[in-house]
Structure formats: C-alpha cells, structure tokens
Ligand SMILES: N[C@@H](CCC(=O)N[C@@H](CS)C(=O)NCC(=O)O)C(=O)O
C-alpha cells in the first residue's frame, strides 16, 4: 500500500459491526457590477458574505468526518478529501447490514445515504455534488476548483449529470431494479434501460474528454465523480469504457490519492 498523505488520518469505524476498528489509510447597480468583476477575476466564484466569519474562527479542532461505504459513490468524495490532505476521519457505514437506517447514522444524516460529510464546525453536508463543490471551494490550494466561473459551472454540470443521471437513473436501475418496478417480471427490462441510460452518459463524457485529460480541462472535483462510475462499470461489471473515458480512468488510477483510497477501502 502506498504511504498515506502526511496529514491524512483515516480511522475506520464500523457503525454496524460490534467493535470500532481503526486502520490507517480515506453573490444598486455599482455593487452588482463590482461583484461580477470579482467573480470573473477570482478563482472561486462565491464571494464571502458579511455573515460568514472566516472559516478558522468558527471551526473546532476536530477533523472532518466522511461517512462512506467501501466502493460506493462515496469513494469519489473520499478521493477528493485525500487529495486535500487535511486531517479527516473516515467512518464506515455498512450498507449491507443496514447501518444507514440505524439511529447512530440517521442522527447524522436522516436521508440514510453516503457520502455524508461532517465538517470541522460540526455541521453536516449531504449530496455528492454539494460536498464536492464545498470541498473544492473550502480548500482552494488543493486545486480541485477550476479557474473562472465558466469552468466551475461546467464542473458542477458534469458532476450533477454523473450523479443524478448516470448513477441514480442508470446504475440504480441495474443494481436495484425492484426500486423501479415491483414485479420481478419487469426487472430485466429495467436493468436494460439502466444500461442504456448509463451508456448514453458514458458517450457524452467521452465526447467531453476529447482532446483533454480532464473533464473541464484541468483536474477538478468533477473528475472523481467520473472515476467512481467508471470504476463501477469497468471493475465491478467488467465492461469496456469508451477510449477517452478509459484514458481518464487510467489517469485517475495513477493518482496517489486514488491509490490510497482504493487501498483503504479494500478495493485495490
Ligand atoms: N443523491 C445522493 C445519492 C447517494 C447514494 O445513493 N448513496 C448510496 C451509495 S452509492 C447509498 O447511500 N445507499 C444507501 C441506501 O440507499 O440505502 C448523493 O448525491 O449523495
């Protein structure tokens, strides 16, 4: 296993198994135009508002906590946090054992979903695109937020499409057909429709990658979302990726952060 990032601390705590386990690793006219000028000139498009105190003043000294399940979509957020290199705690939620529905986890995220991020001030953020965007904006030196409003909007556009359509509409039909059709007789048709939705997404991502290594040109928070669905399609289902997406997947797998997370989640 590759050496963990110097500042990273990954503590795996199973919410469902008997014992806690620890292991090393995972926006008046003048004012408006001034704001627009700021947005276009600043790498982060969100100006701090007067009621947002500087982050360090309100944060506790506790590390962030990422609630994840091995190999689930949370792996993409795990990669982003590992790229950041700040201390964090990785808390394993055993979805197979139903830990997401137990009070220990619903008290943190009543949606019963991973990824869930408990931030250093103790507040909880859910939904992959929101977590990815927040991490990239909060830790600008990690280079996960692309420069300029256009690239930032494109990164969010890709991330939301990958999660909300390729994953939630495509893969979910393939893995959980019963959630879409109560009758077992319809499940093969539901799975086939899921594969169709996912394949269309892959073709769109392949086109987006034409002539460039990363989804919006430079590496960004969007790339880890494409990584996790590529991983599901290629490693879990044994299916071929289109050429540009295959190249992207290989580049992702070569990143130290990805290798550390794959090892930490037992997927290497
Ligand atoms: N809309 C959520 C979807 C997250 C999601 O579906 N997570 C899955 C794992 S990949 C989950 O927690 N499933 C648990 C369950 O449905 O019981 C997001 O963007 O984070």
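The values are calculated or read from the model by the stated rules, or taken from the named source; none is laboratory data. These numbers come from a predicted model, not from an experiment. Here the Cβ positions follow ideal geometry from the backbone for every residue, glycine too, while neighbour counts run over all protein chains shown.
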**Request:** From 221, 227, grab the single residue that is closer than 17 Å to residue 248 by Cα, within 15 Å of the ligand (Cβ to nearest atom), out of contact with any strand residue (DSSP E or B) (no Cβ under 9 Å at 6 or more places or on another chain) and assigned to a helix (DSSP H, G or I).
**Result:** 227
**Request:** Starting from residues that are more than 15 Å from the ligand (Cβ to nearest atom) and in a helix (DSSP H, G or I), keep the ones in region 158-188 and report whichever is surrounded by the most Cβ atoms within 10 Å (Cβ to Cβ).
**Result:** 187
**Fill in**
For region 117-137 the number of residues that are within 10 Å of the chain's Cα centre (by Cα) and closer than 22 Å to residue 266 by Cα is 1
**Asked** Residues 239, 207: which one is modelled with pLDDT of 95 or more, part of a loop (DSSP other than H, G, I, E, B) and surrounded by fewer than 16 Cβ atoms within 10 Å (Cβ to Cβ)?
**Response** 239
